[in-house]
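Student: I'd like to ask some things about the structure below.
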Amino acid sequence: MDLRLDGAALTAALVDTPSVSGEEGPIADAIEAALRALPHLAVHRDGHAVVAMTMLGRPERVILAGHVDTVPVAGNLPARAEGPRLYGCGTTDMKSGVAVQLRLAAALTAPRRDVTYVFYDCEEVAAERNGLLRLSRSHPELLAGDFAVLMEPSSAEIEGGCQGTLRAEVTVAGQRAHTARSWMGRNAIHEAGPVLDVLRGYVPREPEVDGLRYHEGLNAVGIRGGVAGNVVPDECAVTVNYRFAPDRTGEQAAGFVRSLFSEWPVTVLDVAEGARPGLRRPAAAEFVAAVGGTPRAKLGWTDVARFSALGIPAVNYGPGISEIAHTAGEYVETAKIAECESRLTAWLDGS
């Protein structure tokens, strides 16, 4: 892997090294080899995660983190350039961001801040497989820092914090009966109508958190019921997903969902805490000033929440386009790759 390539060409080289979640070995090997060739970096390997650090004794350390895995390939390899766009699996989410990290790691031999570059695996799959989570448990010292930038696709705009996400199951009871004598039972699927009425009548909160406006969401994402083709069902369960602003904890979010559906049993299936933007902290404020633009709220969950759990303020900032992530036609604007690299260089190098 030639780190002298420009950002677009390096992105294409990364894209042409397939790395679907769980299959990141080859790309991790290539990244590790390229970084170990740079004498100004200390390099560590953990599974398919690679961490490279400057050790200059600067008073402040910042972290640039990006995941190297992608969703499954959808006939979108190899990478191809069409005018100002580069198409291919992972171009936007988020190998263009990884290319920026690698270019900075190679070029900035003596930045005015110490920098930790984190390249991790299994972001696109179940949380327990996440490489950043694994590092936070096994080698938390490698993730120590004052501020973090996650290279998630954000169209080269700062997106602060992230929403939390919760899934819960609302269970409606009925009474079983033969469908030939359905009046002798109570159809649980029919009884679920009021649950859907609650969802239809829900008015999303739009709280302001640390100066950024979030927009919550509550939706049915699944429904389960039915016993057999000739049986009136005695149970129906509606799965709901609540995307909550980071001014609420996971516990508070669960309490809110239970209060909305107080007439029925509610089982929380899983919850991931959000992250407050933290843009008023000195390191974050300086980053915003250096990058420019108007920060916006991250409407979704990202690994900034993992940094927040470690007490490290973090933002999302990368060249990709979040709205087209995971699509067969995903692409990145090559100008945004260069823009991200230039702005991060100015911030890290003080130029």
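Student: Looking only at segment 160-192, which residues are open to solvent by 10 Å² or more (accessible area, probe 1.4 Å), more than 19 Å from residue 257 (Cβ to Cβ) and in contact (Cβ under 8 Å) with a residue 60 or more places away in the chain?
Tutor: If the condition is that a residue be open to solvent by 10 Å² or more (accessible area, probe 1.4 Å), more than 19 Å from residue 257 (Cβ to Cβ) and in contact (Cβ under 8 Å) with a residue 60 or more places away in the chain, then 174 is the only one that fits.
Student: Taking segment 278-303, which residues are acidic (Asp, Glu) and open to solvent by 60 Å² or more (accessible area, probe 1.4 Å)?
Tutor: 286
Student: Quick check on segment 331-349. Is at least one of its residues open to solvent by less than 60 Å² (accessible area, probe 1.4 Å), among the small types (Gly, Ala, Ser) and not in a helix (DSSP H, G or I)?
Tutor: Scanning segment 331-349 turns up no residue that is open to solvent by less than 60 Å² (accessible area, probe 1.4 Å), among the small types (Gly, Ala, Ser) and not in a helix (DSSP H, G or I).
Student: When only residues in segment 13-32 that are hydrophobic (A, V, I, L, M, F, W, C) and open to solvent by 20 Å² or more (accessible area, probe 1.4 Å) count, which is nearest to residue 95 (Cα to Cα)? Steps first, please.
Tutor: First pass over segment 13-32, keeping only residues hydrophobic (A, V, I, L, M, F, W, C): 13-15, 20, 27-28, 30-31.
Pick out the ones that are also open to solvent by 20 Å² or more (accessible area, probe 1.4 Å) and you get 13, 20, 30.
Details: 13: 9, 20: 12, 30: 14 Å.
My answer is 13.
Student: In the list 228, 254, 245, 220, which residue meets the criterion of being over 19 Å from the mean Cα position of the chain (by Cα) and open to solvent by less than 30 Å² (accessible area, probe 1.4 Å)?
Tutor: Checking each option against the conditions leaves just 254.
Student: Output the residues belonging to segment 262-288 that are of a type in the set (Gly, Ala, Ser) and either touching a strand residue (DSSP E or B) at 6+ places or on another chain (Cβ under 8 Å) or modelled with pLDDT under 90 (or both).
Tutor: 272, 274, 275, 278, 283, 284, 285
Student: Kindly provide the set of residues from segment 33-67 that are open to solvent by 50 Å² or more (accessible area, probe 1.4 Å), small (Gly, Ala, Ser) and under 20 Å from residue 349 (Cα atoms), ordered by number.
Tutor: Matches in segment 33-67: 57 only.
Student: Restricting to segment 287-332, name every residue that is in contact with a Leu (Cβ under 8 Å, 6 or more places away or on another chain) and farther than 16 Å from residue 212 by Cβ.
Tutor: The answer is 303, 306, 307, 310, 312, 318, 331, 332.
Student: Show the residue pairs that are 6+ apart or on different chains and have beta-carbon atoms under 8 Å apart, the first residue being within segment 327-351 and under 14 Å from residue 85 (Cβ atoms) and at pLDDT 95 or above, the second being open to solvent by less than 40 Å² (accessible area, probe 1.4 Å) and aromatic (Phe, Trp, Tyr).
Tutor: From segment 327-351, the pairs are 329/87; 330/87; 331/87.
Student: Looking at segment 201-213, is at least one residue aromatic (Phe, Trp, Tyr), open to solvent by less than 20 Å² (accessible area, probe 1.4 Å) and touching a residue at least 24 places away in the same chain (Cβ under 8 Å)?
Tutor: Scanning segment 201-213, I find no residue that is aromatic (Phe, Trp, Tyr), open to solvent by less than 20 Å² (accessible area, probe 1.4 Å) and touching a residue at least 24 places away in the same chain (Cβ under 8 Å), so the answer is no.
Student: Output the qualifying pairs, or none if there are none: Cβ atoms under 6 angstrom, residues six or more apart or on different chains, first residue in segment 36-54 and of a type outside the set (Val, Ile, Thr), second residue open to solvent by less than 40 Å² (accessible area, probe 1.4 Å) and assigned to a loop (DSSP other than H, G, I, E, B).
Tutor: From segment 36-54, the pairs are 48/24; 48/121; 49/121; 52/41.
Student: Oh, and also: Is there a residue being touching a Ser or Thr at 6+ places or on another chain (Cβ under 7 Å) and small (Gly, Ala, Ser) anywhere in segment 270-283?
Tutor: yes
Student: To continue, here is another question. Identify all residues within segment 305-319 that are aromatic (Phe, Trp, Tyr) and assigned to a helix (DSSP H, G or I); write none if there are none.
Tutor: Correct list: 307 only.
Student: Right, something else. Could you list all residues from segment 143-158 that are open to solvent by 10 Å² or more (accessible area, probe 1.4 Å) and either under 11 Å from the mean Cα position of the chain (by Cα) or closer than 15 Å to residue 292 by Cα (or both)?
Tutor: Hits for segment 143-158 are 152, 155, 157.
Student: Residues that are among the hydroxyl-bearing types (Ser, Thr, Tyr) and more than 25 Å from residue 7 (Cβ to Cβ): does segment 312-334 have at least one?
Tutor: no
Student: Another one. When you go through (1) over 27 Å from residue 114 (Cα atoms); (2) in contact with a helix residue (DSSP H, G or I) (Cβ under 9 Å, 6 or more places away or on another chain); (3) surrounded by fewer than 15 Cβ atoms within 10 Å (Cβ to Cβ) one by one for residue 322, which number turns out not to apply?
Tutor: The number of the failed condition is (3).
Student: Of everything in segment 268-293, what is closer than 26 Å to residue 112 by Cβ and in contact (Cβ under 8 Å) with a residue 60 or more places away in the chain? Give them in sequence order.
Tutor: 277, 278, 279, 280, 281, 283, 284, 286, 287, 288, 291, 293
Student: Right, another one. Sort out for me the strands (runs of 3 or more DSSP E) sitting completely within segment 68-125 that have 3 or more residues that are open to solvent by less than 50 Å² (accessible area, probe 1.4 Å).
Tutor: 114-120
The values are calculated or read from the model by the stated rules, or taken from the named source; none is laboratory data. Everything numeric here is computed off the predicted structure, so don't read it as measured data. Positions of Cβ are backbone-derived with ideal geometry, glycine not excepted, and every protein chain shown enters the neighbour counts. The protein model used for the area step is the full one, side chains on, heavy atoms only, and it has no ligands, DNA or RNA in it. Shrake-Rupley method; radii C 1.70, N 1.55, O 1.52, S 1.80 Å.
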